[in-house]
Amino acid sequence: MSTRLTIVVGVTGGIAAYKAVGVIRALVLEGHSVHVVATDAALRFVGKPTLEAISRNPVATDLYEGVAEVRHVAIGQSADLIVIAPATANTIAKLAAGLADDLLGNTVLASTAPLVIAPAMHTEMWRNPATVANIATLRERGVTIVGPAVGQLTGTDSGPGRMVEPQAIVEAALSTVGRRVADTQSPDASSGDASSVRRDFEGCRILITAGGTREPLDPVRFLGNRSSGRQGVAIANAALARGATVTLLAAHLDVEPPAGVDVLEVGTARQLESAVKDASASADIVIMAAAVADYRPLEVREEKIKKSKTGERLILELEQNPDILAGLTASKRAGQVIVGFAAETEADPSALIEVGREKLERKGCDYLVINHVGWSEGFAAERNEVVMLQSGGDIVMEAFGSKLSVANRILDVIASR
Ligand code: C5P
């Protein structure tokens, strides 16, 4: 991004505050002017000198300092973007309630800039109905919620609640401003509330499939794939932030879907097929990001397969699963938009696109998003590189970046239709 932005980074009191230093550093290195507003609790985790050295600006904490320059509103008024990382459950509750009992609360209330928050807390706190409701409130107001990720937490426990890595927060935050800039420059941009991100999917019902299906062999084993569901969940996040009503059909996700999305868990391809049939009837857009097993075991054993009985070799007989996407496009409603995905191992870019074109035609969808996958690329990664084809085979978009930024680019193409 070439524009130098004035960015306020709010740091609140969680252990992930040490990672806020990485967020601040990345924004400074991108050429932005960064002003840190830290809560008292944040300064118990990371020292003011560190935040000042990295941000290259004084750090503001106290509501009663700099009163003559009306600092409690001045910081917020001057911001092009506010990023709160980490955002604790307490701060999220205060933001949802509109409290202004510290400098950060005042800054947020006095600002019309986009607000991006990166929650970090223990899983129980993230799943607590109070936090779920607060997050839904913030999302409704146009706040961009980045994460949390699933992973190791402070103690020995792990689960959803870990703050997303600094680079992904920076990308999500800057892409929020990018969308705002695009909005204000577009001739049909609404002249109304400039404080929220573009709500260009308001009133739109989007069905997204994500993750990887699993086909049972016996009560304890399955045939599966390495899809983490990150790209599908990122699309759900982006669609929700842009005003859509989102239903997510989730097949074994490694990441937590955002609060505010209607989530239905599925296991096998055939379960996914029946859920897609039900949910697609009322969807305006269907995005099939899930990796669906092409085959399932012909026989699912009632008892665990034992090598003592099977011997040296085990031959599994498989039968084909239904192609859900092809079935969907065959019966699609007028005006419905259907997007398929193709994860392919072709290393040569033109061969990859050819495989995509052939698949697009065979499946009959409106768009196909192709990405290259390999032993270490694609599935569980935080970033993605995609080419998007439209019906007929033309390339309409190429993107590389965080899965959230790729998600927004995919939605941009659909929105431009
Ligand atoms: O054929 P392939 O698995 O590469 O196709 C990928 C696309 O088709 C994805 O959008 C996936 O969700 C969908 N698919 C499907 N039913 C299958 C296999 C894939 O809907 N049985």
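The values are calculated or read from the model by the stated rules, or taken from the named source; none is laboratory data. This one's a predicted model, so the numbers in the text were calculated from it and none came from an experiment. Every residue, glycine among them, receives a Cβ derived from its backbone with ideal geometry; neighbour counts consider all protein chains shown. Only protein heavy atoms, including side chains, enter the accessible area calculation; ligands, DNA and RNA are left aside. Shrake-Rupley method; radii C 1.70, N 1.55, O 1.52, S 1.80 Å.
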Expected single match for part of a helix (DSSP H, G or I) and within 30 Å of C204 (Cβ to Cβ) among G327, G340, G335 is G327
Practice item. Determine whether the range 336-352 contains at least one residue that is within 10 Å of the ligand (Cβ to nearest atom), surrounded by fewer than 16 Cβ atoms within 10 Å (Cβ to Cβ) and assigned by TED's automatic domain parsing to the domain that holds G374. Key: no
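Of the residues that make up the range 273-284, is at least one assigned to a strand (DSSP E or B) and out of contact with any Ser or Thr (no Cβ under 7 Å at 6 or more places or on another chain)? Break it down into steps so the answer makes sense when it comes.
Residues of the range 273-284 assigned to a strand (DSSP E or B): none.
No: the range 273-284 contains no residue that is assigned to a strand (DSSP E or B) and out of contact with any Ser or Thr (no Cβ under 7 Å at 6 or more places or on another chain).
Pull up the range 287-305, narrow it to residues that are within 19 Å of L253 (Cα to Cα) and out of contact with any Cys (no Cβ under 9 Å at 6 or more places or on another chain), then point me to the one that is most open to solvent (accessible area, probe 1.4 Å). Working first, answer last.
Pass one, the range 287-305, residues within 19 Å of L253 (Cα to Cα): 287-294.
Pick out the ones that are also out of contact with any Cys (no Cβ under 9 Å at 6 or more places or on another chain) and you get 287, 289-294.
On the way: I287: 0, A289: 20, A290: 16, A291: 22, V292: 46, A293: 16, D294: 107 Å².
Applying the filter and picking the extreme gives D294.
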Residue hits (the range 15-58; of a type in the set (G, A, S) and more than 22 Å from the chain's Cα centre (by Cα)) are G31, S33, A38, A41, A42, G47, A53, S55
Filtering the range 353-385 down to residues that are in contact with a Gly (Cβ under 9 Å, 6 or more places away or on another chain) and more than 15 Å from the ligand (Cβ to nearest atom) yields R383, E385
A careful count of residues in the range 26-48 that are without any contact (Cβ under 8 Å) to a residue 60 or more places away in the chain, part of a helix (DSSP H, G or I) and touching a helix residue (DSSP H, G or I) at 6+ places or on another chain (Cβ under 6 Å) gives 1
message: Just checking, does the range 270-293 include any residue being basic (K, R) and either within 14 Å of the ligand (Cβ to nearest atom) or over 26 Å from the mean Cα position of the chain (by Cα) (or both)?
response: yes
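Could you say which residue among D323, D284 is within 30 Å of L115 (Cβ to Cβ), surrounded by fewer than 22 Cβ atoms within 10 Å (Cβ to Cβ) and touching a residue at least 40 places away in the same chain (Cβ under 8 Å)?
On the way: D323 fails: within 30 Å of L115 (Cβ to Cβ).
From the options D323, D284, the qualifying one is D284.
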Log entry, pairs with first residue in the range 68-94 being buried (at least 22 other Cβ atoms within 10 Å of the Cβ), second being basic (K, R) and assigned to a helix (DSSP H, G or I), beta carbons closer than 8 Å, six or more apart or on different chains, reads A85/K19; P86/K19
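Could you grab me the full set of residues in the range 7-31 that are within 19 Å of P58 (Cβ to Cβ) and open to solvent by 40 Å² or more (accessible area, probe 1.4 Å)?
Here is the first cut: in the range 7-31, the ones within 19 Å of P58 (Cβ to Cβ) are 7-12, 17, 20-21, 23-25, 27-28.
Correct list: R25 only.
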Scanning the range 267-293 for residues that are among the β-branched types (V, I, T) and closer than 22 Å to A238 by Cα gives V276, I285, V286, I287
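Among the residues of the range 49-61, are any in a helix (DSSP H, G or I), within 17 Å of I117 (Cβ to Cβ) and open to solvent by less than 20 Å² (accessible area, probe 1.4 Å)? Before you say what the answer is, go through the steps one by one.
The initial filter retains those residues of the range 49-61 that are in a helix (DSSP H, G or I), namely 49-55.
Now restrict to residues that are within 17 Å of I117 (Cβ to Cβ): none.
The answer is no, given that none of the residues of the range 49-61 is in a helix (DSSP H, G or I), within 17 Å of I117 (Cβ to Cβ) and open to solvent by less than 20 Å² (accessible area, probe 1.4 Å).
Does L109 fit the bill of being without any contact (Cβ under 8 Å) to a residue 40 or more places away in the chain, closer than 20 Å to V177 by Cα and surrounded by fewer than 24 Cβ atoms within 10 Å (Cβ to Cβ)?
On the way: without any contact (Cβ under 8 Å) to a residue 40 or more places away in the chain: yes; closer than 20 Å to V177 by Cα: yes; surrounded by fewer than 24 Cβ atoms within 10 Å (Cβ to Cβ): yes.
Against the criterion (without any contact (Cβ under 8 Å) to a residue 40 or more places away in the chain, closer than 20 Å to V177 by Cα and surrounded by fewer than 24 Cβ atoms within 10 Å (Cβ to Cβ)), L109 qualifies.
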Result of the Cβ filter at 9 Å on the range 329-357, keeping first residues that are closer than 24 Å to R226 by Cβ and partners that are assigned to a loop (DSSP other than H, G, I, E, B) and open to solvent by 90 Å² or more (accessible area, probe 1.4 Å), at least 6 apart or interchain, is L352/T345
